[in-house]
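Asker: Got a structure for you, questions after.
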Amino acid sequence: MTAQRVALALIGALLVLFLALPIVSLFASATATDVASGLRHPLVWPALRLSLTTTLITLAIVVTLGTPLSWTLSRRQGRFWQALESAIQLPVVIPPAVAGVALLLAFGKRGLLGAVLGGAGWSVTFTTTAVVMAEVFVSAPFFVQAATSAFRRIDPQLVLVSRTFGASPLRVFFRVAVPLAAPGLGAAAAMAWARALGEFGATLMFAGNLPGTTQTLPLAIYTALEADLRAAQAISMALVVVAFSLLWFVRVTLKSSLEVS
């Protein structure tokens, strides 16, 4: 049995090695001087400011709209609600290029709403607004999925008792459901923010790659890679650190939530 366990562990270790080697290489091949020089590249700080601005706006939109939706999904059963939940998760599995094309066909000048928006004098494509829309499209499913799971972990008896004492649905939502699911909601928000921060494909196709306007950090990596590998590497390292920190926060938060429940 011991030999079999060791064999299984070694087989799994091959995948771990494959996944870890590129990340290790990203950090091992850079010196402090290279990182400092890369971070001084003129592309970096405008892209950083734009990424922070757009992802924070995205997070506010996703949490504000996604929290009530997640609560509704967690309280409903049936084929319709299962189909709706699957449809909401669709952006997770479709390629980013498909997401970009879909956004163009919906909100571009020739899209379904393009004429309406154009008539109002509002062009969405290749603007900072388009960046936010692309980030919301790809990150909202992550929040909704995790938030719905957090709400489903709430003891139904607590909700029933609250309703028995005369609490309105809104009061139950704000005073009972949200506080009880808060750790899970925080983890869901972290996942959504990480996904928005790393968004590339849909943003490139729908918003373009305009410095200072639509060029986020992933797009800055794409641009810098053509001329300055040090800048691309430095930005990549920063994003990896942020992503790892968020994943660690999610794991710790969810673990604490499960222990409390």
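Where a number appears in this text, it was derived from the coordinates with a stated rule and is not lab data. All values derive from a computational prediction rather than experimental measurement. When we count neighbours, we look across all protein chains shown, and the Cβ atoms used for this are built from the backbone with ideal geometry, even at glycine.
Asker: Counting Lys and Arg as +1 and Asp and Glu as -1, each charge on the Cβ, what is the dipole of the range 48-260 about the Cα centre in debye, to the nearest 20?
Answerer: 640
Asker: Next question. Under 1.5 on a/c is rounded, so check that first for the range 48-260, then, if it is not, pick prolate when a/b is larger than b/c and oblate when it is not; a ≥ b ≥ c are the square roots of the alpha carbon gyration tensor eigenvalues. Don't skip to the answer; put the middle values down first.
Answerer: On the way: a/c = 2.54, a/b = 1.53, b/c = 1.67.
Oblate, since a/c reaches 1.5 and b/c is not below a/b.
Asker: Which peptide among 8-17, 123-132 comes first, and what is the full order, when sorted by highest mean count of other Cβ atoms within 10 Å? Walk me through the numbers before you get to the answer.
Answerer: Values: 8-17: 9.7, 123-132: 20.2.
Peptide ranking by packing, descending: 123-132, 8-17.
Asker: Between the range 139-156 and the range 223-244, what is the separation of their alpha carbon centroids in Å?
Answerer: After rounding, the separation between the Cα centres reads 32 Å.
Asker: Could you give the DSSP H helices of the chain that reach 24 angstrom or more along their long axis (alpha carbon positions) and whose average Kyte-Doolittle hydropathy is no lower than -1.0?
Answerer: Taking the DSSP H segments of the chain (at least 24 Å long, mean hydropathy at least -1.0), we get 2-28, 44-75, 128-152, 178-197, 229-260.
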